Amino acid sequence: MILAKDISHFYGKEQVLHDLNIEIKQGEFVFLSGESGSGKSTLLSILSTLLQPTQGNLTLNGIPSTQINNLDAFRQNNIGFVFQFHYLINYLNIYENIALAALPSRQASIHALLDELEILHLAKRYPNEISGGQRQRVALARALINEPAIIFADEPTGSLDSKNTQLVYELLNRCMHKGTTLVVASHDMKVQDYATQTLRMLDGKLL
Amino acid sequence: MYSKMIKTDGDIIITQKGIADNFFSNVNIDLMPQINALKNVNSSYAMIVGASPVGHIPIAGIYGVSENHFSHYKLLKGRYPKKGEVLLGRTLSKQLKGRSVKVGNRRFKISGTYTSNIGFEEGGVVMPISDAGKLFSRSASYILVSVKQPSTTTKLVKTISSLDPDIKVKTTQTFVQEYNQFKIIKNSSLVISSLAFFMGLMGIASVMSMIVNARKEEFGIMRALGKSRVFIMQNIFVETLIMTLSAYLFALILSLFILSLLPHIQMLQGYVNGSLSLSTALYVLLATVLMALMGALLPAWIASKTDPLLLINQGSA
């Protein structure tokens, strides 16, 4: 499903990733662990096509990422993101934030998804009118709306209390059981309980 | 202002030949009977245009006109002036009191008040041309001739020119185009307005560029969610268009309001005037929209080419 070969990345002259080789199969729950600055977020961004690696090759569903004609459309059809800081658009309400990401065929499913995540009552509110936990659930809803084949999550529980953290993991776990591939970067070792593969990073290298 | 006066009332203008500035022109008024006798001449009138202290007002326009041109000034009060009398413009009359007024070094009786379609004329004084002649020591500044048939104008210019070797005869249209003062005013206005316009446009472009740059994070999120570059550019295009058109509409209304106020400001005595033609308004609209779109779309296009993650990081920084 995802094959990363000899991936290296530089920010200016500083090398942050060193010749990484990763293979992730469909339906796996991959836990990307490591200290801050170890390169987890950069690797996640490269695997999810948000960032072009300086060196190396990335293959998604058997197609090299450089040969994907329309990366934007590919992302919308195949990939869901949960960002550490939610990154909801503040001038759009919750419903509109999700509708922005939804494919035309999935627009009708927004209410059902919000209901499933117990945030339907927030549909008309704006991101700055809801709590951090609620925002994270909205971000999750946005990632799930197109039923993507792969979900990438960067510290999805970083700003959540234990109750909301548990809820997020259970939701992600449910996705995995439906066949969705999950790649989660986190400091939280509890993720390991759900993961089928753990990749530990240190100074831009896989241990 | 001169051009407006001249354009309004005649087809041919006669001034003195070989002078540096028409303000000092001196044409023999005795030419008028000969001109009026020419075939295809409808009428003619002479005028002296000068400036002088009037009462306590340091400077005001003085219009010495031949009797057949008095009707150009619409009476509001009183009657047209006889010898030794003056008619005060509406604006000027509000600043003067009494039944007589000193113009230059002579005192004149006030015969009434007039209004005019030409704003600045309302800040001046109308008197018989003979009195103005004594005041400014000349016969007439110019003679204006109106013709019966416009097709005969060129021929008449030649005929009138042959009447006196000391006169310069032109169609009023040519006169206005060639008059140096008009050229200087026109060119100066063009340079000043172009500079102001260009600076304004630079401002618009800078603001739009800043707005787009401030929204990099949002564009990064959209790209990460799978929205295409075209989608982002379209959004910016529509938003820019709405903002620019709203700003333009507001500026247009404000400009028209200010322009309508100018002739009524007493202090300016009608000398400061302005108009906004449809073509100018459309030109400004087009240029404004183009510059705003350039200012917005260029950084948006650059942003749309950047990796979504870098955009998000740049926007968050």
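The values are calculated or read from the model by the stated rules, or taken from the named source; none is laboratory data. Just so it is clear, the model here is predicted, and its values are computed rather than measured. Glycine also receives a Cβ, built like all others from the backbone with ideal geometry; neighbour counts cover every protein chain displayed.
Give just the number: which of (1) of a type outside the set (K, R); (2) within 27 Å of the chain's Cα centre (by Cα); (3) on the phi > 0 side of the Ramachandran plot does B:Y63 not satisfy?
(3)
Checking the structure you have, find out if any residue of the range B:135-151 is out of contact with any helix residue (DSSP H, G or I) (no Cβ under 6 Å at 6 or more places or on another chain), surrounded by 15 or more Cβ atoms within 10 Å (Cβ to Cβ), part of a helix (DSSP H, G or I) and in contact (Cβ under 8 Å) with a residue 12 or more places away in the chain.
yes
What residue, of B:K227, B:K168, B:K158, is part of a helix (DSSP H, G or I) and among the charged types (D, E, K, R)?
Values: B:K227 fails: part of a helix (DSSP H, G or I); B:K168 fails: part of a helix (DSSP H, G or I).
Exactly one residue qualifies, and that residue is B:K158.
Looking only at strands (runs of 3 or more DSSP E) that fall completely inside the range B:1-101, which ones have 2 or more residues that are out of contact with any helix residue (DSSP H, G or I) (no Cβ under 7 Å at 6 or more places or on another chain)? If you could, list the steps in order and put the result at the bottom.
On the way: elements: B:12-16, B:41-54, B:57-65, B:74-78, B:85-89.
Counting at least 2 such residues, we get B:41-54, B:57-65, B:74-78, B:85-89.
Hey, can you tell me all the residues within the range A:155-189 that are within 19 Å of A:S48 (Cα to Cα) and in contact (Cβ under 8 Å) with a residue 40 or more places away in the chain?
A:E155, A:P156, A:L172, A:M176, A:G179, A:T180, A:T181, A:L182, A:V183, A:V184, A:A185, A:S186
From the residues in the range B:292-310 that are in a helix (DSSP H, G or I) and more than 50 Å from the chain's Cα centre (by Cα), which one is modelled with the highest pLDDT? It would help to see each step written out before you state the result.
From the range B:292-310, those in a helix (DSSP H, G or I) are B:292-305, B:308-310; that's our starting set.
Filter once more, keeping what is more than 50 Å from the chain's Cα centre (by Cα): B:308-310.
Working: B:P308: 78, B:L309: 75, B:L310: 74.
In this case the residue turns out to be B:P308.
Looking only at the range B:233-259, which residues are surrounded by fewer than 19 Cβ atoms within 10 Å (Cβ to Cβ), more than 13 Å from chain A (Cβ to nearest Cβ) and in contact (Cβ under 8 Å) with a residue 60 or more places away in the chain? Outline the logic, then answer.
As a first pass, look at the range B:233-259 and keep what is surrounded by fewer than 19 Cβ atoms within 10 Å (Cβ to Cβ): B:233-235, B:237-239, B:241-243, B:245-259.
Keeping just the survivors that are more than 13 Å from chain A (Cβ to nearest Cβ) gives B:234, B:237-238, B:241-243, B:245-259.
Residue satisfying the conditions is B:F237 alone.
I need a count of the residues in the range A:79-103 that are part of a helix (DSSP H, G or I), surrounded by fewer than 24 Cβ atoms within 10 Å (Cβ to Cβ) and more than 9 Å from chain B (Cβ to nearest Cβ). Outline the logic, then answer.
If we filter the range A:79-103 for residues that are part of a helix (DSSP H, G or I), which is where we start, we get A:94-101.
Retained after the next criterion (residues that are surrounded by fewer than 24 Cβ atoms within 10 Å (Cβ to Cβ)): A:95-96, A:99-100.
This time we only want the ones that are more than 9 Å from chain B (Cβ to nearest Cβ), so: A:95-96, A:99.
The number of residues fulfilling the criteria is 3.
For the range A:104-118, which positions are closer than 19 Å to A:V168 by Cα, crowded, with 16+ Cβ neighbours inside 10 Å and modelled with pLDDT of 90 or more?
Those that are closer than 19 Å to A:V168 by Cα, crowded, with 16+ Cβ neighbours inside 10 Å and modelled with pLDDT of 90 or more: A:I110, A:L113, A:L114.
Within the range A:63-78, work out how many residues are farther than 20 Å from A:P148 by Cβ and at the interface with chain B (Cβ under 8 Å from one of its Cβ atoms).
0
If I ask for residues that are without any contact (Cβ under 8 Å) to a residue 12 or more places away in the chain and either farther than 16 Å from B:P128 by Cα or of a type in the set (D, E) (or both), which ones from the range B:70-108 would you list? Explain how you work it out, then say what you get.
Pass one, the range B:70-108, residues without any contact (Cβ under 8 Å) to a residue 12 or more places away in the chain: B:71, B:97, B:99-100, B:105, B:107.
Those that are without any contact (Cβ under 8 Å) to a residue 12 or more places away in the chain and either farther than 16 Å from B:P128 by Cα or of a type in the set (D, E) (or both): B:K97, B:R99, B:N105.
Among the candidates B:Y63, B:Y114, which residue alone is crowded, with 21+ Cβ neighbours inside 10 Å, in contact (Cβ under 8 Å) with a residue 24 or more places away in the chain, in contact with a strand residue (DSSP E or B) (Cβ under 7 Å, 6 or more places away or on another chain) and over 26 Å from B:V169 (Cβ atoms)? It would help to see each step written out before you state the result.
Numbers: B:Y63 fails: over 26 Å from B:V169 (Cβ atoms).
On inspection, the qualifying residue turns out to be B:Y114.
Does B:I184 qualify as being at pLDDT below 85, more than 14 Å from chain A (Cβ to nearest Cβ) and out of contact with any Phe, Trp or Tyr (no Cβ under 9 Å at 6 or more places or on another chain)?
On the way: at pLDDT below 85: yes; more than 14 Å from chain A (Cβ to nearest Cβ): yes; out of contact with any Phe, Trp or Tyr (no Cβ under 9 Å at 6 or more places or on another chain): yes.
Considered against the rule, which asks whether it is at pLDDT below 85, more than 14 Å from chain A (Cβ to nearest Cβ) and out of contact with any Phe, Trp or Tyr (no Cβ under 9 Å at 6 or more places or on another chain), B:I184 comes out as yes.
Which residue is farthest from the other protein chains (Cβ to nearest Cβ), if the candidates are limited to the range B:201-232 and must be at pLDDT below 80 and buried (at least 16 other Cβ atoms within 10 Å of the Cβ)?
Ranking the candidates gives B:L201 first.
Give the number of residues within the range B:25-44 that are without any contact (Cβ under 8 Å) to a residue 12 or more places away in the chain and either within 31 Å of the chain's Cα centre (by Cα) or within 15 Å of B:V65 (Cα to Cα) (or both).
So the count comes out to 0.
If you scan the range A:10-42, which residues turn out to be of a type in the set (K, R), under 17 Å from the mean Cα position of the chain (by Cα) and surrounded by fewer than 21 Cβ atoms within 10 Å (Cβ to Cβ)? So that I can check it myself, show each step before the final result.
In the first step, residues of the range A:10-42 are kept if they are of a type in the set (K, R); the result is A:13, A:25, A:40.
Now narrow it down to the ones that are under 17 Å from the mean Cα position of the chain (by Cα): A:25, A:40.
Hit for the range A:10-42 is A:K25, nothing else.
Only one of these conditions is not met by A:Q136: (1) surrounded by 14 or more Cβ atoms within 10 Å (Cβ to Cβ); (2) without any contact (Cβ under 8 Å) to a residue 24 or more places away in the chain. Which number is it?
(2)
Listed residues B:P81, B:P58; which is of a type outside the set (D, E, K, R) and surrounded by fewer than 21 Cβ atoms within 10 Å (Cβ to Cβ)?
Criteria check complete, one pass: B:P58.
On the given criteria, is A:T59 touching a strand residue (DSSP E or B) at 6+ places or on another chain (Cβ under 9 Å), touching a residue at least 12 places away in the same chain (Cβ under 8 Å), within 12 Å of chain B (Cβ to nearest Cβ) and β-branched (V, I, T)? I'd like the intermediate steps shown before the answer.
Working: touching a strand residue (DSSP E or B) at 6+ places or on another chain (Cβ under 9 Å): yes; touching a residue at least 12 places away in the same chain (Cβ under 8 Å): yes; within 12 Å of chain B (Cβ to nearest Cβ): no; β-branched (V, I, T): yes.
Judged against the criteria, A:T59 is not a match.
Please pick out the residue among B:S93, B:S139 that is of a type outside the set (F, W, Y) and over 28 Å from the mean Cα position of the chain (by Cα). Before the answer, list the steps.
On the way: B:S93 fails: over 28 Å from the mean Cα position of the chain (by Cα).
Only one candidate passes the filter, namely B:S139.
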